[in-house]
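Asks: Before I ask anything, let me first share the structure, which is written out below as structure tokens.
The values are calculated or read from the model by the stated rules, or taken from the named source; none is laboratory data. Predicted, not measured: the structure shown is a model, and the values here were computed from it. For neighbour counting, all protein chains shown are included, and Cβ atoms are generated from backbone atoms with ideal geometry for every residue, glycine included. The area values use the complete protein model at the heavy-atom level, side chains included, leaving out ligands, DNA and RNA. Shrake-Rupley method; radii C 1.70, N 1.55, O 1.52, S 1.80 Å.
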Amino acid sequence: MIDMDFGKVITAMVTPFNEDNQLDLFRTTELIEYLLENGTDGLVVAGTTGESPTLTPEEKIQLFEHVVQTVDGRVPVIAGTGSNNTQETIEFTKAAEAVGVDGTLLVTPYYNKPNQLGLLRHFETIAQNTQLPIMLYNIPSRSVVKMDTDTVVQLAEIDNIVSIKDSTGDLDGVAAIIEATDDNFSVYSGDDSLTLPLLSIGSKGVVSVASHIIGNDMKKMVDLFNAGSIEEAAALHRKIIPLVKALFMAPSPAPVKAALERNNLQVGSVRLPLVPLTNEEQSLLHHALNNYSK
């Protein structure tokens, strides 16, 4: 297996837009520098939080290339290249590889609902056609299909399938994956609120949305746990939970984009079919942010 360290706190980065809702690379640079200064060990680009369904393939490649150039090797850049079309995913992953990304995030195919054998063949075939380290992404709440533990374990035997972002909420399943896979195969929480519980059973870290706002505290919590300061890590976890809930009160990334704007980081709005927060939601978000800062 390829030995690839994506870091402990990976930010699933929002995609900054300008006032016309077009890709804004200047704002992207500002956001990257802010994240790298505030606890981020790696970046997922054009994932769910990056509004990948509404980005064109051309915009995604432009974004990948810009992020790679801006980061300049300081942290791993993981490109969201997965889709429900295997051949299309292969071609797009190759395009991302060509602009220098460090890894790829591949979501379970959505809408066409493959069975476990279909999932196995999908990811096997993509892995055979790229040299990039692959992070699988298991998120049944969005894709409708769930990769079973046995499927993940089989895929983990492939050299360049090195990691999984788990958004199933199934701690027993995650424990079984960690137990059955090589130590070099890493598991990341795909849910901010489950970061500490998953660390306790052997996960590597988190692919985080909240790290846009509290990246240093997310990193601190992971470091405290790894240093054996369990009670301090747990106290920080309990403090983080209400803010995480606020950051997901509406379809993501509308709340986190609003929180960034409140913190004077210009990232623009969201693209349809997502919509900005209502005035009431804005008020609730600001209340949560103010409470967190006390």
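Asks: Here is a list of conditions, (1) exposed (fewer than 15 other Cβ atoms within 10 Å of the Cβ); (2) touching a residue at least 60 places away in the same chain (Cβ under 8 Å); (3) touching a helix residue (DSSP H, G or I) at 6+ places or on another chain (Cβ under 7 Å), and Met218 meets all of them except one; can you say which number that is?
Replies: (1)
Asks: A further question follows. Name the residue that is least open to solvent (accessible area, probe 1.4 Å), counting only residues in the range 177-190 that are part of a helix (DSSP H, G or I) and over 24 Å from Val209 (Cβ atoms).
Replies: For the range 177-190, the residue satisfying everything is Ala180.
Asks: Among the residues of the range 121-138, count how many are crowded, with 21+ Cβ neighbours inside 10 Å and either over 14 Å from Thr81 (Cβ atoms) or touching a Cys at 6+ places or on another chain (Cβ under 8 Å) (or both).
Replies: 1
Asks: Okay, next question. Is there a residue being out of contact with any helix residue (DSSP H, G or I) (no Cβ under 6 Å at 6 or more places or on another chain), touching a residue at least 12 places away in the same chain (Cβ under 8 Å) and either aromatic (Phe, Trp, Tyr) or open to solvent by less than 10 Å² (accessible area, probe 1.4 Å) (or both) anywhere in the range 231-246?
Replies: Checked the range 231-246: at least one residue is out of contact with any helix residue (DSSP H, G or I) (no Cβ under 6 Å at 6 or more places or on another chain), touching a residue at least 12 places away in the same chain (Cβ under 8 Å) and either aromatic (Phe, Trp, Tyr) or open to solvent by less than 10 Å² (accessible area, probe 1.4 Å) (or both).
Asks: Follow-up question, since we're still on this one. For the subset of the range 255-274 comprising residues that are in contact with a helix residue (DSSP H, G or I) (Cβ under 8 Å, 6 or more places away or on another chain) and in a helix (DSSP H, G or I), which member is nearest to Ser203 (Cα to Cα)?
Replies: Across the range 255-274, the extreme among qualifying residues is Val256.
Here's the yes/no breakdown for (1) without any contact (Cβ under 8 Å) to a residue 40 or more places away in the chain; (2) surrounded by 23 or more Cβ atoms within 10 Å (Cβ to Cβ):
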{"position": "Arg27", "(1), (2)": "no, no"}
{"position": "Leu31", "(1), (2)": "no, yes"}
{"position": "Gly47", "(1), (2)": "no, yes"}
{"position": "Thr56", "(1), (2)": "yes, no"}
{"position": "Gln62", "(1), (2)": "yes, no"}
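Asks: On the given criteria, is Val207 open to solvent by less than 10 Å² (accessible area, probe 1.4 Å), under 30 Å from Asn18 (Cβ atoms) and part of a loop (DSSP other than H, G, I, E, B)?
Replies: no
Asks: Give just the number: which of (1) touching a residue at least 40 places away in the same chain (Cβ under 8 Å); (2) open to solvent by less than 10 Å² (accessible area, probe 1.4 Å); (3) closer than 14 Å to Glu281 by Cα does Pro255 not satisfy?
Replies: (1)
Asks: In addition: State whether the residues of the range 52-66 include one that is polar (S, T, N, Q) and on the phi > 0 side of the Ramachandran plot.
Replies: no
Asks: In addition: Could you grab me the full set of residues in the range 134-150 that are hydrophobic (A, V, I, L, M, F, W, C), touching a strand residue (DSSP E or B) at 6+ places or on another chain (Cβ under 8 Å) and assigned to a loop (DSSP other than H, G, I, E, B)?
Replies: Residues satisfying the conditions are Ile139, Met147.
Asks: May I pose another question? In this structure, does Glu19 turn out to be within 20 Å of Ala254 (Cβ to Cβ) and charged (D, E, K, R)?
Replies: Here the answer is yes, as Glu19 does meet what is asked.
Asks: Additional query: Could you run through the range 90-114 and say how many residues are of a type in the set (A, V, I, L, M, F, W, C), surrounded by fewer than 22 Cβ atoms within 10 Å (Cβ to Cβ) and either part of a loop (DSSP other than H, G, I, E, B) or free of Cβ contacts under 8 Å to residues at least 24 places away in the same chain (or both)?
Replies: Of the residues in that region, 2 qualify.
Asks: Another question, if that's okay. Quickly run through the range 3-21 and pick out the residues that are open to solvent by 60 Å² or more (accessible area, probe 1.4 Å) and under 18 Å from Val162 (Cα atoms).
Replies: Answer for the range 3-21, where residues must be open to solvent by 60 Å² or more (accessible area, probe 1.4 Å) and under 18 Å from Val162 (Cα atoms): Asp3, Asp5, Lys8.
Asks: Contact list please: Cβ distance under 6 Å, first residue in the range 260-280 and modelled with pLDDT of 95 or more, second residue assigned to a loop (DSSP other than H, G, I, E, B) and not polar (S, T, N, Q), pairs at least six apart or on different chains.
Replies: That search, which allows pairs on different chains as well, returns Leu260/Val267; Val267/Val14; Val267/Pro16; Gly268/Pro16; Ser269/Pro276; Arg271/Glu51; Leu274/Pro251; Leu277/Ala250.
Asks: Could you say which residue among Val162, Val153, Val174 is outside any loop (DSSP other than H, G, I, E, B), within 20 Å of the chain's Cα centre (by Cα), free of Cβ contacts under 8 Å to residues at least 40 places away in the same chain and farther than 13 Å from Val107 by Cβ?
Replies: Only one candidate qualifies: Val174.
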